Amino acid sequence: MFSVLSYGRLVARAVLGGLSQTDPRAGGGGGGGGGDYGLVTAGCGFGKDFRKGLLKKGACYGDDACFVARHRASVLSLGVADGVGGWRDYGVDPSQFSGTLMRTCERLVKEGRFVPSNPIGILTTSYCELLQNKEPLLGSSTACIVVLDRSSHRLHTANLGDSGFLVVRGGEVVHRSDEQQHYFNTPFQLSIAPPEAEGVVLSDSPDAADSTSFDVQLGDIILTATDGLFDNMPDYMILQELKKLKNSNYESIQQTARSIAEQAHELAYDPNYMSPFAQFACDNGLNVRGGKPDDITVLLSIVAEYTD
């Protein structure tokens, strides 16, 4: 499990795999609506093999990966990715692809090599860099990227596959990503295959990602997560957990993110629970019941005032 990454009025220093909170002002916000906006963000995650004591270091949980980054004082961006586990059958570590993809996105944001209103561009450039590696990095991954333009108060998103985001305001979901599936349990995905398998391995273009832009308000809650969360917790359960948020302090957000991830992880191993994944399977003619054991990554953010 991990808790990490706080961006509030001033960006706090964070160490992946364990938080190092050094700025006491990172976590406030509230009141007013004319100034710049920021995000106070905390995360939590489990690898699917958590019960075996197998956790990867850094912002990588099983085959999941994530990042949170900023460019100067104007833009915040975060993202999650879920490596396709089927590659393990061919001797490929799925976490390498998703982890490298997210680290590349993070670097591009920090270097300012992107347009805030075009998060698909971040995904495209990152994917192209992976394709141009001297040694091919084989694998596949879904991806979801969220970009907040602090001055315009607009959130720009790109989602490819079945990871995604929710925006909650006043206890209701006001924006959400659309899940992209080719067919049951086969999400859209970025892929790099060996030459002999090109045209056989499922591979989507970054341009196929669903992209949206909309205004956000102070106090909006943004939840970005891999399918390990959404396959095991329906909206009403997530909203119940979000009601526990007392304020925009980092500690409160961290506690709620942990609670959501822990509940999803517990439900994933309940054989009698009718999970969203099991319901989807039934809708596709399969007799399935129970949770879906999977890697789980949750990034939980609150929109707050940003003061330089």
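The values are calculated or read from the model by the stated rules, or taken from the named source; none is laboratory data. What you see is a predicted model; the values in this text were computed from it and never measured. Reconstructed Cβ throughout: ideal geometry from the backbone, glycine too, with neighbour counts over all protein chains shown. Please note that ligands, DNA and RNA were not included when accessible areas were found on the heavy atoms of the full protein model with its side chains. Shrake-Rupley method; radii C 1.70, N 1.55, O 1.52, S 1.80 Å.
Before moving on, here are some points about what is shown:
- Of the GluC sites (Glu not before Pro) found in region 178-240, those in coil by DSSP whose Cβ has at most 13 other Cβ atoms within 10 Å are Glu198.
- Legend: helices of the chain (whole DSSP H runs) are marked when their alpha-carbon atoms reach 15 angstrom or more along the helix axis and their mean Kyte-Doolittle hydropathy is at least 0.5; marked are 119-131.
- Summed side-chain charge close to Val168 - residues other than Val168 whose Cβ falls under 13 Å, Lys, Arg +1, Asp, Glu -1: 0
- The alpha-carbon positions of region 183-248 define a convex hull whose volume is 146 Å³ per residue.
- Accessible surface area normalised per residue over region 128-194 is 40 Å², counting heavy atoms of protein chains with a 1.4 Å rolling probe.
- Highest-fluctuation residue, Arg88, Arg176, Arg150 considered, GNM on the chain with Cα pairs under 10 Å: Arg88
- The chain: relative contact order as a whole-number percent, Cα under 8 Å and 6+ apart: 23 percent
- Accessible surface computed residue by residue for region 63-117, with neighbouring protein chains in place and a 1.4 Å probe, gives 40 Å² per residue.
- Near Val288, the amide H atoms lying under 5 Å from its own belong to Cys282; only residues 5 or more places off or on other chains count, and H is placed 1.01 Å from N.
- In terms of accessible area, using a 1.4 Å probe and ignoring ligands and nucleic acids, Thr224, Thr125 rank largest first as Thr125, Thr224.
- Per-residue HN-Hα couplings for region 177-182 [Karplus 6.51, -1.76, 1.60; θ = phi - 60°; Hz; x = Gly/Pro]: 6, 9, 5, 10, 10, 6
- Helical mean residue ellipticity (222 nm; -39500 (n - 2.57) per DSSP H run of 4+; nearest 500) of the chain: -7000 deg cm²/dmol
- Rough spin-label spacing in nm, given labels placed 7 Å along Cα→Cβ, for Arg107 and Ser205: 2.6 nm
- With every protein chain in place, the chain: carbon and sulfur % of accessible area (1.4 Å): 48 percent
- With all protein chains modelled, accessible area of Lys292 [1.4 Å, Å²]: 30 Å²
- Of the chymotrypsin sites (Phe, Trp or Tyr not before Pro) in region 184-281, those whose Cβ has at most 10 other Cβ within 10 Å and which sit in DSSP loop: none
- Tensor-based shape of region 166-308 (alpha-carbon gyration tensor, a/c under 1.5 rounded, otherwise prolate or oblate): oblate
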